[in-house]
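Asks: First, the structure itself, so that you have it in front of you.
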Amino acid sequence: MTQQSSRAGEPQNKPAHAKHLCDEKLHFLFYNVWQPVVAGILGAFLLAIIMWGMVDSVVLVGWLIAMLLVSALRLLLARHFLRVSALEKRHPRWLRLFTLAVFLTGCVWGMGGFLMFDSDNPAQSAALVIVLAGVAAGCVTMLSSLWWMVLFFILPIAIPLQLLFIFSDTPAHTMIGVLIGLFVLLLIATSHRLGRVLHDNLELRILMAAREAQLLESENRYLSIFQHSPLGVIHFDKQGCITDCNEKLLEILALDRSTLIDVCLPQGDDIAMATAAREALAKGSGYYEGTLTVPCVSPTKKGVPVRAFFNGVRSVDNEIVGGVAIIEDFTERKRSEEIIYRQAYYDALTDLPNRRLFMERLEATCQAKDNEQHGLVMFMDLDRFKLINDTLGHAAGDDLLVQIARRLERCLQKGDMAARLSGDEFVLLADVNVPDLDSLDAMAETYMQTVQQALSGQYHLDSHCVEVTPSMGYTCFDAKACDYREVLKQADIAMYQAKIEGRARLHRYQPWMSEEIEKRIAQQAPGFTAGR
């Protein structure tokens, strides 16, 4: 982990930050070098005009030429610096070259003061001091970005002139020399103070620029996530009205952006969605899972299964000023769940409920103690199904089972269930609402005869026409006082009795059938034992 700075806003890498500041200051000096150069040239010509007639013209012209040459050098150096790459500008030699150019300029001014000084001419000396003092003071504002650079300009000017005044035979000149020294110290202190101010301002500007860059980077990162997220994203204001959304959400809902903007989530018809949005605005978070629709946009449009995470967005004052919702499309998950459910509870061949679903439904019916209804369970087995399957093939046998399932479905009344238990065994469960047992018996027999007639008759299997008959057994039960296992067993026994008596029979369960089955088992048991 990156080491945190001990003070807010303090740069983490101090050496690199200091180098960056120095580079910025140097760039500032090079960029604005024309100002001190032009001021220096004007000052040099002014001094030459003042000294014309007091100093040898050859000296003055030679000094002016030297000043122009060093000024041209500074301008050429700045021009070259501004043209090189940003990486090249950070090379330490540029600081050394600029310092050298400043020092040479100071030396030229110092040489001028030495050449133009005349202790016997007070007016000349006063003019010289005034001009050089103005030049030295002007450099403070020009060079204070790097305050120590002022030393390379002032000292070559002040030291020769101060020594000339101090060692002059005139007492007043000695006092002027002392005052020059004090003036130089004052300029140095002013330069240092001004440099500190410029340093702080520049550092603040760099820090603000860095923070703006970080903020822009953060915004770009979020914008990239927002635009390319595999999840839908919604922005909403403090009233819960949608202000923006990404392309993925439009893809999930199959809507246009214009139709979603300004939709107010807390006022929608979906109560769960509205509650989640209100909780996010009030408490900071909310959750929704369901089928998302936008009724005010498209009332007839089919909803999309989604789950959504709502989060409030807070201001600097920790006040919720809006929110963001992350929406995940659950369509594939719902489809997978439906596939898994059908694989677990439905027969793959006939698409009827399988044994597991039928038993759960029958158990639930028998466990509903407040149910005043009666029930009916039918157990059916196809006659000669094995012969058809063996002679015509398994494909024909499967086709026959599918046709049986479709005919059985057409016989069902509202709330009834038909299922395939295994092989050619089918069952039917019906809830019967009748006032008495006599009505139950009559209705059940009529219902079962209708089913028997529907399932009997010819079936077309490829190029063959096959006559198929079912053997059926059924039982009636009181829904509030029954054992679901016993109910299915009774229907199975009734079907078995129909098989024994011949094909295409329909029998209702009677208690004696159970006794008959037990006797048969008892009679056959010794034979099975001997067979082993």
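The values are calculated or read from the model by the stated rules, or taken from the named source; none is laboratory data. Bear in mind that the values here come from a model prediction, so they are computed numbers and not experimental data. As a convention, Cβ positions derive from the backbone with ideal geometry for all residues, glycine included, and neighbour counts pool all protein chains shown. For the accessible areas, the whole protein counts, side chains as well, though only heavy atoms, and no ligand, DNA or RNA atoms are used. Shrake-Rupley method; radii C 1.70, N 1.55, O 1.52, S 1.80 Å.
Asks: Would you mind getting me the FRET efficiency between Gln449 and Glu332? Use the beta-carbon distance for r and R0 = 45 Å, nearest 0.05.
Replies: On the way: r = 47 Å, r/R0 = 1.04.
After rounding to 0.05, the efficiency reads 0.45.
Asks: Could you pull the Cα extents of segment 210-318 along its three principal axes, largest to smallest, in whole Å?
Replies: Answer, in whole Å and largest first: 51, 29, 21 Å.
Asks: With only alpha-carbon atoms in the gyration tensor, what are the semi-axes of the equivalent ellipsoid for segment 338-410, in Å, largest first? Kindly include the intermediate steps, with their values, before the conclusion.
Replies: Numbers: eigenvalues 174, 54, 18 Å².
Semi-axes from the Cα gyration tensor: 29, 16, 9 Å.
Asks: Under a 5 Å amide H to amide H cut-off, with H placed in plane at 1.01 Å, what residues pair with Glu289 once short-range neighbours are removed?
Replies: The answer is Ala308.
Asks: Further question on the same structure: Between 0 and 90 degrees, rounded to the nearest ten: what's the tilt of helix 437-455 against the longest Cα principal axis of the chain?
Replies: The angle comes out near 80 degrees.
Asks: In whole Hz and in residue order, list the ³J(HN,Hα) couplings for segment 469-486 that follow from phi through the Karplus curve 6.51 cos²θ - 1.76 cosθ + 1.60, θ = phi - 60°; x for Gly and Pro.
Replies: Going residue by residue, I get 10, x, 9, 10, x, 9, 9, 10, 8, 8, 5, 9, 8, 8, 10, 4, 5, 5 Hz, with x marking Gly and Pro.
Asks: Using a cut-off of 11 Å between beta-carbons, work out the net charge of the residues near Val313 (Lys and Arg +1, Asp and Glu -1, Val313 not included).
Replies: Once all neighbours under 11 Å are counted, the net charge is 0.
Asks: Moving on. Considering only DSSP beta bridges where both residues belong to the chain, give the percentage that are antiparallel (nearest 5).
Replies: Details: 55 of 59 bridges.
Given both bridge residues lie in the chain, the antiparallel proportion sits at roughly 95 percent.
Asks: Additional query: Over the heavy atoms of Arg333, what accessible area does a 1.4 Å probe trace out, to the nearest 10 Å²?
Replies: Approximately 110 Å² of Arg333 is accessible to the 1.4 Å probe.
Asks: Mind checking the per residue accessible area of the chain for me, 1.4 Å probe, whole number of Å²?
Replies: Numbers: 29670 Å² over 532 residues.
Here the residues of the chain average 56 Å² of exposed surface.
Asks: Between segment 440-460 and segment 481-513, how far is it from one alpha carbon centroid to the other, in angstrom?
Replies: 16 Å
Asks: Follow-up. How much accessible surface area, in Å² rounded to 10, belongs to the heavy atoms of Asp390 with a 1.4 Å probe?
Replies: 100 Å²
Asks: A further question follows. Expressed in nm to one decimal, what extension gain is obtained for the pair Glu24 and Ala209 from 0.36 nm per residue of sequence separation less their Cα-Cα distance? Please list the in-between numbers first.
Replies: Details: separation 185, 0.36 × 185 = 66.60 nm, distance 1.27 nm.
Residue separation times 0.36 nm, minus the Cα-Cα distance, leaves 65.3 nm.
Asks: In Å and from the alpha-carbon atoms only, list the Rg and Dmax of segment 381-449.
Replies: Calculated on Cα positions, Rg and Dmax stand at 15.1, 49 Å.
Asks: Say the cut-off is 24 Å between C-alpha atoms; which of Lys14/Lys89; Lys386/Lys414; Lys238/Lys283; Lys334/Lys480; Lys499/Lys519; Lys414/Lys480 go over it?
Replies: Working: Lys14/Lys89 20 Å; Lys386/Lys414 33 Å; Lys238/Lys283 12 Å; Lys334/Lys480 35 Å; Lys499/Lys519 17 Å; Lys414/Lys480 20 Å.
Pairs exceeding 24 Å: Lys386/Lys414; Lys334/Lys480.
Asks: Now for a different question. Quote the accessible area belonging to His460 in square angstrom, nearest 10, computed with a 1.4 Å probe and with ligands, DNA and RNA left uncounted.
Replies: The accessible area comes out at roughly 120 Å².
Asks: By how many nm would the segment from Asn121 to Val84 lengthen if fully extended, with 0.36 nm per residue of separation less the alpha-carbon distance?
Replies: Values: separation 37, 0.36 × 37 = 13.32 nm, distance 4.97 nm.
Using 0.36 nm per residue and subtracting the Cα-Cα distance, I get 8.3 nm.
Asks: Once label points are set 7 Å from the Cα along Cα→Cβ at both Leu186 and Asp317, what is their separation, rounded to one decimal in nm?
Replies: 5.1 nm
Asks: Looking at the P(r) of segment 333-461, how many percent of alpha-carbon pairs lie beyond 18 Å? Intermediate results must be reported in sequence, preceding the final value.
Replies: Values: 4892 of 8256 pairs.
Cα-Cα pairs in segment 333-461 separated by more than 18 Å: 59 percent.
Asks: In whole percent, and with a 1.4 Å probe on the protein chains, what portion of the accessible area of the chain is carbon and sulfur?
Replies: C and S atoms contribute 58 percent here.
Asks: In whole Å, how far is the Cα centre of segment 92-112 from that of segment 131-205?
Replies: Segment 92-112 and segment 131-205 have Cα centres spaced 15 Å from each other.
Asks: So, one more: Applying 1/(1 + (r/R0)^6) with R0 = 60 Å to the Cβ-Cβ distance of Cys264 and Leu76, what FRET efficiency is obtained, to the nearest 0.05? Write down the numbers at each step before the final one.
Replies: Details: r = 67 Å, r/R0 = 1.12.
About 0.35, to the nearest 0.05.
Asks: Let me ask something else. Work through the residues other than Asp492 whose Cβ is under 11 Å from its Cβ and net out their charges, Lys, Arg +1 and Asp, Glu -1. Provide the component values of the computation, followed by the final result.
Replies: Details: positive: Arg485, Lys489, Lys499; negative: Asp381, Glu425, Glu486.
With Lys, Arg at +1 and Asp, Glu at -1, the neighbours total 0.
Asks: A further question on this structure: Roughly speaking, what % of Cα-Cα pairs in segment 369-526 are separated by over 28 Å, rounded to a whole number?
Replies: Values: 2997 of 12403 pairs.
So the portion of pairs separated by more than 28 Å is 24 percent.
Asks: Counting only residues 5 or more places away or on other chains, whose amide H sits under 5 Å from the amide H of Arg505 once H atoms are built in the peptide plane?
Replies: It is Met472, by chain and number.
Asks: Still on this structure, I have one more. How large is Rg/Rh for segment 197-272, to two decimals, with Cα atoms and a Kirkwood Rh? Mind showing how you got there, number by number?
Replies: Working: Rg = 19.0 Å, Rh = 15.2 Å.
In segment 197-272, Rg relative to Rh is 1.25.
Asks: Please work out the Kirkwood hydrodynamic radius for segment 150-210, using every pair of different C-alpha atoms, and report it in angstroms with one decimal place. List each step's numbers first, then the result.
Replies: Values: mean 1/r = 0.0742 Å⁻¹.
After inverting the pairwise mean of 1/r, the radius is 13.5 Å.
Asks: Which percent of Cα-Cα pairs in the chain sits in each 20 Å bin, short to long?
Replies: All Cα pairs, binned at 20 Å, distribute as 15, 21, 17, 14, 11, 11, 9, 2 percent.
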